[in-house]
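Enquirer: Before I ask anything, let me first share the structure, which is written out below as structure tokens.
The values are calculated or read from the model by the stated rules, or taken from the named source; none is laboratory data. Quantities reported herein were computed from a predicted structural model and do not represent experimental measurements. Neighbour counts run over all protein chains shown; Cβ positions are idealised from the backbone, glycine included. In case anyone asks, the SASA skips ligands and DNA or RNA and just uses the protein heavy atoms, side chains included. Shrake-Rupley method; radii C 1.70, N 1.55, O 1.52, S 1.80 Å.
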Amino acid sequence: MMDNRIGMEIRNLRKKLGMSQENISSSVVSQSAISKIENGKYVPNLHVLEAIASKLGVPVDHFLTLTTCYNSEYIETTYEMIEQLSLNEEYEELNRLTAQLIDCGEAVEFPNWFKDYIRIHHLFSEFQCKKKDAKTTLKKLKCMAGCLPFEQSIQTKFHLYLGIIHSHMKKYSYSETLDYLQKSLASVEGIKGKNTYLHKKNLKIYILYQKAIIELNYHHYDAALKDIGQGLQLSRNYACTAYVGQFLYYKGLCLEKKGVPFKNILKHYEEAHFFASFTNNLPFKKLLSDKLSVRKEESYGFYN
């Protein structure tokens with residue numbers, strides 16, 4: 001039987017405060033979802049629990065101390081939250097969430113694979129938030145390698161993060177970095193579970209994007225163009241508009257580095273600028289505006 005101590009406590013606090021289910025609902029959690037939580041039909045994930053706790057005026061820890069186990073639905077929805085934060089590169093929020101989950105894991109019976117999954121993302125988010133350097137993060141991640149179970153979602157992110165962090169080291173093997181990313185790319189297709197089809201495509205796009213940037217930075221332009229082409233096709237097919245713009249920009253940059261005349265590259269930058277405007281990515285939009293402005297002035301004879 002499902003542990004319903006959280007649902008019962010939400011109902012008790014709500015009634016003490018004279019609030020209805022509608023009063024504690026929000027854009028994060030609907031009234032019908034609150035009804036299911038209170039009746040033990042649904043276990044809220046951390047994001048939902050935070051929203052309810054805020055309405056009731058208590059810290060989220062108040063609820064987390066009431067239970068020692070979570071069902072598969074909690075794991076699934078929290079897993080999806082972590083993935084989305086990771087793909088959107090929202091590292092501050094990812095760091096906060098994973099830190100909270102690690103604290104919960106001291107008292108809650110999370111599956112071992114999920115604990116490892118949380119730890120990997122916490123370490124990587126610490127690196128991205130500049131709380132730990134690349135060398136320390138790489139060492140900690142590698143220490144985990146021997147005890148990780150063969151679970152595809154863990155393996156994919158593990159190798160992806162090793163590759164990204166490895167590329168930030170002052171002295172490293174380029175081939176080893178690419179090997180990590182290639183392993184990550186190969187393991188994406190093995191990820192299983194409900195609602196994973198689109199997620200796998202988004203993750204594949206993200207890996208190709210990171211791989212292309214590293215290849216471009218180390219002057220492997222043909223390899224970068226190949227990955228950019230794959231990433232661009234997937235981004236268009238699955239309406240990942242932010243990545244379409246990024247891939248177009250890096251395609252133009254690669255071609256420019258290869259010495260292709262700017263008049264033949266212009267269309268890529270202009271289309272990237274359109275997508276930057278469409279997604280309201282202001283720093284990226286400014287970068288492209290400046291680039292187009294400078295290069296158009298240099299190529300003034302071409303436009304006339």
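Enquirer: From LYS263, LYS291, grab the single residue that is open to solvent by less than 60 Å² (accessible area, probe 1.4 Å) and more than 25 Å from ILE207 (Cβ to Cβ).
Expert: Checking each option against the conditions leaves just LYS291.
Enquirer: For the list (1) open to solvent by 20 Å² or more (accessible area, probe 1.4 Å); (2) farther than 22 Å from HIS273 by Cβ; (3) not small (Gly, Ala, Ser), I need the number of the one condition that LYS211 fails.
Expert: LYS211 satisfies every listed condition except (1).
Enquirer: Determine, yes or no, whether VAL244 is aliphatic (A, V, I, L, M), farther than 20 Å from LEU160 by Cα and open to solvent by 30 Å² or more (accessible area, probe 1.4 Å).
Expert: Here the answer is no, as VAL244 does not meet what is asked.
Enquirer: Only one residue in GLU298, GLU270 is acidic (Asp, Glu) and either modelled with pLDDT under 85 or buried (at least 17 other Cβ atoms within 10 Å of the Cβ) (or both). Which one?
Expert: Answer to the selection: GLU298.
Enquirer: Between residues in the stretch 245-274 that are closer than 18 Å to LYS286 by Cβ and among the polar types (S, T, N, Q) and residues that are at pLDDT 90 or above and part of a helix (DSSP H, G or I), which pairs lie under 6 Å by C-beta distance while being six or more apart or on different chains?
Expert: none
Enquirer: Considering the stretch 82-125 alone, what residues qualify as being over 20 Å from LEU160 (Cα atoms) and in a loop (DSSP other than H, G, I, E, B)?
Expert: The answer is GLU106, ALA107, VAL108, GLU109, PHE110, PRO111.
Listed here are the residues, each with its yes/no results for (1) within 23 Å of LEU216 (Cα to Cα); (2) open to solvent by less than 20 Å² (accessible area, probe 1.4 Å); (3) of a type in the set (A, V, I, L, M, F, W, C).
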| site | (1), (2), (3) |
| --- | --- |
| GLU126 | no, no, no |
| ALA134 | yes, yes, yes |
| LEU138 | yes, yes, yes |
| LEU141 | no, yes, yes |
| ILE154 | no, yes, yes |
| LYS157 | yes, yes, no |
| ILE165 | yes, yes, yes |
| SER173 | yes, no, no |
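Enquirer: Given the conditions (1) open to solvent by 30 Å² or more (accessible area, probe 1.4 Å); (2) at negative phi, report the number of the one that LEU216 does not fulfil.
Expert: Tallying (1) open to solvent by 30 Å² or more (accessible area, probe 1.4 Å); (2) at negative phi, LEU216 fails exactly one: (1).
Enquirer: Ok, one more. Hey, can you tell me all the residues within the stretch 79-99 that are open to solvent by less than 30 Å² (accessible area, probe 1.4 Å) and either free of Cβ contacts under 8 Å to residues at least 60 places away in the same chain or of a type in the set (A, V, I, L, M, F, W, C) (or both)?
Expert: Within the stretch 79-99, ILE82, LEU85, LEU87, TYR91, LEU94, ASN95, LEU97, THR98 meet the criteria.
Enquirer: Could we say that TYR303 is farther than 19 Å from LYS211 by Cβ, modelled with pLDDT under 95 and buried (at least 17 other Cβ atoms within 10 Å of the Cβ) here?
Expert: No; evaluated as a whole, the condition is false for this residue.
Enquirer: Read through the list (1) crowded, with 19+ Cβ neighbours inside 10 Å; (2) under 28 Å from LEU216 (Cβ atoms); (3) modelled with pLDDT of 85 or more, then give the number of the only condition that LYS183 fails.
Expert: If we test LYS183 against (1) crowded, with 19+ Cβ neighbours inside 10 Å; (2) under 28 Å from LEU216 (Cβ atoms); (3) modelled with pLDDT of 85 or more, just (1) comes out false.
Enquirer: State all residues of the stretch 100-114 that are of a type outside the set (Phe, Trp, Tyr) and surrounded by 14 or more Cβ atoms within 10 Å (Cβ to Cβ); if no residue qualifies, say none.
Expert: GLN100, LEU101, ILE102, CYS104, GLY105, VAL108
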